[in-house]
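Below is one structure; the comments refer to it alone.
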Amino acid sequence: MGDRLARDVVVKPRLRRLATEWKPGAGGPGPSTRDGVMLALGASLAAGLFTGQLELGLTLALEPLHDPAPGLFRGNRHILWIIPVVNLAVFSLAGLVLGLAARSRRATPARGLPVVLAFLGSLTLLLTIRGLHAAAAALLAAGFAWRLGPRLAALIARRRRAAIVLTAALAVNTAGVAGLSAGREILAEWAGLAALPAPAAGAPNVLLLVLDTVRADHLSLYGYDRDTTPCLARLAREGVRFDQARSPAPWTLPSHASMFTGRWPHELSAGMQGPLDETYPTLAEALRNRGYVTGGFVANTTYCSAESGLARGFLHYEDHALTPRSLLRASALGGRVLDRAWACVPRVLSAVGLSGSPGGGKPFKDAATLNADFLDWLDDLPERPFFAFLNFFDAHHPYLLPAGEEHHFGLYPQSRDDVLTLHRWWSLDKRRLPERDRALARDAYDDCLAYLDAQLGRLFAELDRRGVLEETLVIVTADHGEHFGEHQIFGHASSLYQPEVHVPLVLAGPGVPRAESVGVPVSLRDLPATVVDLLGAPRGPSFPGHSLARFWSVATPPVDEPVLSEVDAAAKSPANGGRSPVFRGPMKAILAGQTVYVRNGDGREELYDLAADPGETHDLAALPETAATLDRMREALARILRGEP
Ligand SMILES: [Zn+2]
C-alpha cells in the first residue's frame, strides 16, 4: 500500500514532469537540474541501445552489397558486441555532457536533447552506407534530427510504458548477444584444452612464423646488400636455409591455406570468393590431435582472421585488436568520424610545430605487440608442447615503422606528404610518381624488414632465455613477396614473377641439421608434411606433398618435382590499375630446376632461365630451341593439375 502510494505520489508525477519537458513547446516548471542529468543519461542510454541494434542490423544487411563474400568473411565477428557497446558508450557520453552542461547553466537539457540524440542516431545509421560521404551524412542527419527529433520525443512521452518495455527488452537482447559472442570462444578454448589427448614424450614445440609480404631477395639472409636480416641469418646458421622456396600463391589467404593443408590453391575453397572450408584437415588440427596446445596470433586481419577459416584447429586465436581505438573503428560513427578526428591530432600538432612526427602510424598490430601477445599466452600454458603460428604484417604496405623506431636505409617518410604517399601507395598510379617516391617506398620497405628482423631476434632471445628455443622446431617463411617496379608492377596478388613468389624459408631446431642450405626449388605447401614427418609416429591426418627433411634425412627418399604457384583473380583494389598480368585471367607458374614456366590467363606462355636471367627479363618461350623444354613444362604443369605424382 505504502509502495503504491509512493509510486503514485512521488514517481509518477516526476516521470510525467520529465516527459512533459520532452514535448516540443511545452511549458511547466521543468525538472530539477539533477533530474535533468538523469533524464539526459537515461534517454541517451535508451537511444544508444536502439541505435546500436539498428546499426548492427544494417551493417549485417549491407555487408553483401559492400562485399559479396559469404558471411562475415573479411569482416570482424566481434561487431556483434562491439557495435552495441560503442553506441552505448558514445550516446551515454553525449548524454552526460549535455546533462552536465545544462546543470552548469542551471537549465534543463530536455529541449535540445531529442535533437542531439536524433542527430547522433541518424548520423550513425547513415554512416553505415560506405559510399555516402561523412559530410553529406551529417547534413542529412541534421535535417532528420531537426524535423523528427522533437516529434519522436513527444511520441515516446505519450507511449512511455511501451518505450520502457522495449528498451528493457533491447537491453536484455544486447547483453545476451554480446555475452554469447564474447563468451563462446572462451568456453570453446576451455573445452578444447580439457579434451586434448596426452602428447608423445619429448615432443618438440612447433613455431611457425609467417612474415607477410617479404620477398627473399631483399633479405641479407639471401645476399641483399643492405643488412636487413642479421637475426634471421643467425637462425639460419643454426638450421637449414632454403634458397628457392616458392609460395603457392602471391597473396595471403590461398598461400596460408596451402601452408596449413598441404594442398595446392586450386584444390582449396580459400580465395577472393570465400574462406577456407572444412574439406581438408589443417596442420593445427593434426597437432592438436597429438596433444599440442595450439595458438594463432595474426596481424593481417583481412585475410588471416578467424573469419578466413585459417583458425581451424587452433584452441586460442588472437586476430582483431581489441584496444579502445580498434573497438571505436569497428563502428560506423567511431570509424568514420571519431577515429579520423583523433588521427588528425598528431598532424595538427606537427603543423603547429609541437611534434616532430609527421603522423601516420600502423593500423595493425606490430611485431612487438604480436610477440608480447604470444609470450603472454606461453606464460599460462599447461605442461604440454605447443604449436604457435604468428603472422607478422610489418612489411606490408604502408611500409611505416612503429612510432619511435629508427630508420636505417636511404629515404624515409619525413613529411605528411610522404606519410600520405605510403598510406595511399596501393591505389596510387605509380607510373605518374616521381622516382623519389618509388625509392621512398622501397627504402621504407627495407626499414620495415630490418625492424621485423630485430623483433624476431628479440623473440628468439626471450625463448632462449626461457629454455624454450632448444625444444622448438622454428619455421620462418613468408606468404608471398612484393613487387617494386619489376615488370612495371608494384604490390602483390598481381603476377607470378620472382618478386611475388620467391620467399624466405628457414627451419631450425630438433631434427634439423645446422648450417646447411638447399638450392633445389621447394614449395611452402610441403610444410605440413614436413612438420608431421619431423615429429615422427603419424597420428591423425597426414598431408600431401613431400617432407623437406628429404634433403637431409636418409629415411625420406629424395623427390625432385616442379613447384607450382597460382593466382586466380586480381585483388579487389589492384595495385597497378588494370595492368597486372592477372587481369588477363587465372595464372599458373612452375619452377623446375632453374626453369620458370608461366601460363597466363589468355594462354600466352613465358619461359625464363633463372640461372642466366634471375630478373626474368628475357622470355625464351618463342625461341625454336626451347620448344622441347616448353613441351616438358606444359606436361609437368598438366600432371600437377591432374593430381598425378
Ligand atoms: Zn600476405
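The values are calculated or read from the model by the stated rules, or taken from the named source; none is laboratory data. Keep in mind the model is a prediction, meaning the values are calculated, not measured. Note that we place each Cβ from the backbone using ideal geometry, even for glycine, and neighbour counts take in every protein chain shown.
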### Task
Please go through segment 371-402 and pick out each residue that is away from the ligand (no atom under 16 Å from the Cβ) and outside any helix (DSSP H, G or I).
ASP380, LEU381, PRO382, GLU383, ARG384, PRO385, PHE386, PHE387, ALA388, LEU400, LEU401, PRO402
### Task
Taking only segment 43-57 into account, find how many residues are under 13 Å from ILE164 (Cα atoms) and surrounded by fewer than 21 Cβ atoms within 10 Å (Cβ to Cβ).
2
### Task
List every residue pair whose Cβ atoms sit under 8 Å apart, with the two residues 6 or more apart in sequence or on different chains, where the first one lies in segment 389-400 and is under 21 Å from LEU378 (Cβ atoms) and among the polar types (S, T, N, Q) and the second, anywhere, is more than 10 Å from the ligand (Cβ to nearest atom) and in a strand (DSSP E or B).
ASN391/GLY296; ASN391/PHE297; ASN391/VAL298
### Message
When you scan segment 88-110, do you find a residue that is surrounded by fewer than 22 Cβ atoms within 10 Å (Cβ to Cβ), within 21 Å of LEU155 (Cα to Cα) and of a type outside the set (A, V, I, L, M), even just one?
### Response
no
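Which residues, counting only those in segment 242-270, are in a loop (DSSP other than H, G, I, E, B) and away from the ligand (no atom under 14 Å from the Cβ)? So that I can check it myself, show each step before the final result.
Pass one, segment 242-270, residues in a loop (DSSP other than H, G, I, E, B): 243-244, 247-251, 262-264, 268-270.
Residues satisfying the conditions are ASP243, GLN244, GLY262, ARG263, TRP264, LEU268, SER269.
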### Task
Starting from segment 586-599, keep only residues that are among the aromatic types (Phe, Trp, Tyr), then list their pairs with residues that are assigned to a strand (DSSP E or B) whose Cβ atoms are within a distance under 9 Å, requiring at least 6 positions of separation or different chains.
TYR597/LYS588; TYR597/ALA589; TYR597/ILE590; TYR597/LEU591; TYR597/GLU605; TYR597/GLU606; TYR597/LEU607; TYR597/TYR608
### Message
I'd like the full set of residues that are under 14 Å from the mean Cα position of the chain (by Cα) and not polar (S, T, N, Q), limited to segment 286-317.
### Response
GLY296, PHE297, VAL298, ALA299, TYR303, CYS304, ALA306, GLU307, GLY309, LEU310, ALA311, TYR317
### Task
Can you tell me which residue within segment 318-342, out of those that are in contact (Cβ under 8 Å) with a residue 12 or more places away in the chain and outside any helix (DSSP H, G or I), is farthest from the chain's Cα centre (by Cα)?
SER331
### Selected residue (only one of ALA195, ALA188, ALA178, ALA203 is more than 16 Å from the ligand (Cβ to nearest atom), within 25 Å of ASN87 (Cβ to Cβ) and of a type in the set (Gly, Ala, Ser))
ALA178
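Would you check if ALA368 is part of a helix (DSSP H, G or I), closer than 30 Å to ASP446 by Cβ and more than 12 Å from the chain's Cα centre (by Cα)? Show your work before the answer.
Values: part of a helix (DSSP H, G or I): yes; closer than 30 Å to ASP446 by Cβ: yes; more than 12 Å from the chain's Cα centre (by Cα): yes.
Against the criterion (part of a helix (DSSP H, G or I), closer than 30 Å to ASP446 by Cβ and more than 12 Å from the chain's Cα centre (by Cα)), ALA368 qualifies.
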### Message
Please go through (1) without any contact (Cβ under 8 Å) to a residue 60 or more places away in the chain; (2) within 16 Å of GLN455 (Cα to Cα); (3) surrounded by 20 or more Cβ atoms within 10 Å (Cβ to Cβ) for ALA403 and return the number of the only condition it doesn't satisfy.
### Response
(3)
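Out of ALA203, ALA138, ALA142, ALA198, I need the residue that is assigned to a loop (DSSP other than H, G, I, E, B), aliphatic (A, V, I, L, M) and surrounded by 15 or more Cβ atoms within 10 Å (Cβ to Cβ). Which one? Break it down into steps so the answer makes sense when it comes.
Values: ALA138 fails: assigned to a loop (DSSP other than H, G, I, E, B); ALA142 fails: assigned to a loop (DSSP other than H, G, I, E, B); ALA198 fails: surrounded by 15 or more Cβ atoms within 10 Å (Cβ to Cβ).
Unique residue meeting the criteria: ALA203.
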### Query
Which one of these does GLY274 not meet: (1) over 18 Å from the mean Cα position of the chain (by Cα); (2) more than 19 Å from LEU390 (Cα to Cα); (3) not aromatic (Phe, Trp, Tyr)?
(1)
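Specify the residue that is surrounded by the most Cβ atoms within 10 Å (Cβ to Cβ); the eligible residues are those in segment 371-386 that are under 24 Å from the mean Cα position of the chain (by Cα) and free of Cβ contacts under 8 Å to residues at least 60 places away in the same chain. Quick ask: steps written out before the conclusion?
So the first thing to find is which residues in segment 371-386 are under 24 Å from the mean Cα position of the chain (by Cα), and the list is 371-378, 386.
Subsequent filtering for residues that are free of Cβ contacts under 8 Å to residues at least 60 places away in the same chain retains 372, 376.
Numbers: ALA372: 15, ASP376: 11.
In this case the residue turns out to be ALA372.
In segment 271-317, how many are assigned to a strand (DSSP E or B), away from the ligand (no atom under 16 Å from the Cβ) and out of contact with any Gly (no Cβ under 7 Å at 6 or more places or on another chain)?
Start the filter on segment 271-317 by keeping residues that are assigned to a strand (DSSP E or B), which leaves 271, 274, 293-298, 316-317.
Retained after the next criterion (residues that are away from the ligand (no atom under 16 Å from the Cβ)): 274, 293-295, 316-317.
Those still in the list that are out of contact with any Gly (no Cβ under 7 Å at 6 or more places or on another chain) too: 274, 293, 295.
Adding up the residues that qualify gives 3.
Kindly establish whether GLY239 is away from the ligand (no atom under 14 Å from the Cβ), surrounded by fewer than 24 Cβ atoms within 10 Å (Cβ to Cβ), among the small types (Gly, Ala, Ser) and at pLDDT 95 or above. Steps first, answer last, please.
On the way: away from the ligand (no atom under 14 Å from the Cβ): yes; surrounded by fewer than 24 Cβ atoms within 10 Å (Cβ to Cβ): yes; among the small types (Gly, Ala, Ser): yes; at pLDDT 95 or above: yes.
Yes: the conditions hold for GLY239.
Name the residue, out of PRO346, PRO363, that is at pLDDT below 85 and within 16 Å of the ligand (Cβ to nearest atom).
On inspection, the qualifying residue turns out to be PRO363.
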### Query
Which fully enclosed strands (runs of 3 or more DSSP E) of segment 452-557 have 3 or more residues being within 16 Å of the ligand (Cβ to nearest atom) and touching a Pro at 6+ places or on another chain (Cβ under 8 Å)?
472-478
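Based on what the data block shows, is SER517 surrounded by 24 or more Cβ atoms within 10 Å (Cβ to Cβ), closer than 29 Å to GLN594 by Cα and hydroxyl-bearing (Ser, Thr, Tyr)?
Numbers: surrounded by 24 or more Cβ atoms within 10 Å (Cβ to Cβ): no; closer than 29 Å to GLN594 by Cα: yes; hydroxyl-bearing (Ser, Thr, Tyr): yes.
Considered against the rule, which asks whether it is surrounded by 24 or more Cβ atoms within 10 Å (Cβ to Cβ), closer than 29 Å to GLN594 by Cα and hydroxyl-bearing (Ser, Thr, Tyr), SER517 comes out as no.
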### Message
I'd like to verify a number: residues in segment 168-195 that are assigned to a helix (DSSP H, G or I), free of Cβ contacts under 8 Å to residues at least 12 places away in the same chain and more than 30 Å from LEU54 (Cα to Cα), how many?
### Response
3
